[in-house]
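Worksheet: the structure to be examined is printed underneath.
The values are calculated or read from the model by the stated rules, or taken from the named source; none is laboratory data. Note that the structure is a prediction, hence the values are computed from the model and not measured. Using ideal geometry, Cβ is built from the backbone for each residue, glycine included, and neighbour counts are taken over all protein chains shown. All accessible areas refer to the heavy atoms of the entire protein, side chains included, with ligands and DNA or RNA removed. Shrake-Rupley method; radii C 1.70, N 1.55, O 1.52, S 1.80 Å.
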Amino acid sequence: LLLLGGRTVTKDNTHSAGVMEYLNDVWRSSDGGVHWELVTAAADFPPRAWFGAVSYGHMVLVIGGATYKPELRLNDVWQSFDGGNWSLLIAAAPFAGRYGFSCVMHDSLSATTANNFAVTHNVFSTRPQILVVAGSTCKAGCTRFNSSNSNCRTLSGQASAACCLSEEACLQRPNKNDVWKSGDLGQTWSLVGSAPHPWDVRTFAQVSSHVDGSLLLAGGYDSWDRFYRDLWRSFDGGATWEHLQGKYPYATEPAGSAWAARAQGHMAVLATCPLLFGGHTRSGAADYKHFHDVWLPSQDMKD
């Protein structure tokens with residue numbers, strides 16, 4: 001097991017709530033998480049949180065995430081074969097820098113096999129693809145204009161860039177609903193399908209890859225405390241999607257047995273069965289509610 005980077009809070013004398021710190025340390029466990037050893041306190045990749053990480057054989061990739069200014073949102077790709085030594089594969093992938101995206105290794109069946117659900121003699125070949133799905137990006141904006149200049153006083157329209165006295169690098173945080181794939185283990189990337197996809201823009205969604213070649217996408221939120229509880233399925237690597245269940249575009253926690261709207265949970269596959277674990281939600285100004293539940297869908301994925 002490898003533990004990579006992340007975010008922590010350190011206390012100091014000037015900030016009572018602490019100071020956020022991004023990490024780029026690497027820890028390893030060889031006994032299933034019981035004991036841990038430090039591989040490196042400062043890996044070659046920049047400190048980051050909410051990034052993507054996938055493994056293939058002895059190779060590990062770190063992709064994108066959130067970091068310090070001036071970058072704030074990353075779209076780089078780093079590679080390691082031992083967790084201690086890292087090399088840069090791509091400084092800037094073609095997708096926008098982002099954090100809170102879903103990153104999965106997807107074994108893509110041929111279109112015929114996937115669509116017909118037919119696997120001759122239970123033997124088939126797959127081609128591994130890395131998928132980056134949705135996430136939150138950054139858009140700069142002006143926070144203070146030069147009001148002493150009459151040409152900068154406007155009630156409608158957009159003041160010119162020359163009028164801006166103070167700019168925030170991440171004034172807006174647009175979420176995405178695009179899907180990107182790499183078929184050569186992170187070296188090149190291409191857009192999947194035609195964005196926008198039918199599901200709403202979101203961050204911290206749960207995505208899983210299945211043995212029949214399908215993808216499942218569940219939940220997430222839109223960065224304005226609107227949490228989703230919808231479920232979508234794709235049989236063509238994320239190019240097209242079918243809406244399976246859940247209120248759309250978003251919903252508060254429902255009554256009854258349906259799983260609650262959530263983000264930052266985890267979706268894993270046990271044999272051929274998807275399982276949805278934990279996450280958190282929020283309604284209005286209420287404190288975040290954290291879950292430690294586990295959900296199993298019905299056979300037809302409809303509830």
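Taking 0.36 nm per residue of separation and subtracting the Cα-Cα distance, full extension of the segment from SER160 to ALA195 would add 9.6 nm. Taking the average, over residues, of other Cβ atoms within 10 Å as the packing measure, peptides 47-57, 140-150, 220-230 rank 220-230, 47-57, 140-150 from highest down.
Pop a pseudo-label 7 angstrom from the Cα along the beta-carbon direction at both ARG28 and THR143 and give the gap in nm to one decimal. For ARG28 paired with THR143, the spin-label model returns 4.3 nm. Extension gain, LEU1 to TRP36: 0.36 nm times the residue separation minus the Cα-Cα distance gives 11.7 nm. Phi angles across the stretch 216-223 convert, under the Karplus curve 6.51 cos²θ - 1.76 cosθ + 1.60 with θ = phi - 60°, into 3J(HN,Hα) values of 10, 10, 9, x, x, 8, 9, 6 Hz, Gly and Pro given as x. Net length available on complete extension from ASP287 to CYS152 is 44.5 nm, with 0.36 nm assigned per residue and the Cα-Cα distance removed. Amide H to amide H, with H built 1.01 Å from N, ASP76 comes under 5 Å of GLY64, ALA93, counting only residues 5 or more places away or on other chains.
Around the amide H of VAL192, modelled in the peptide plane, lie the amide H atoms of VAL179, TRP180, LYS181, all under 5 Å away and 5 or more residues distant in sequence or on another chain. Largest to smallest in accessible area, the residues VAL207, VAL9 fall in the order VAL9, VAL207 (1.4 Å probe, all protein chains included).
For the stretch 194-241, a crude dipole built from +1 on the beta carbon of Lys and Arg and -1 on the beta carbon of Asp and Glu, taken about the Cα centre, is about 60 debye to the nearest 20.
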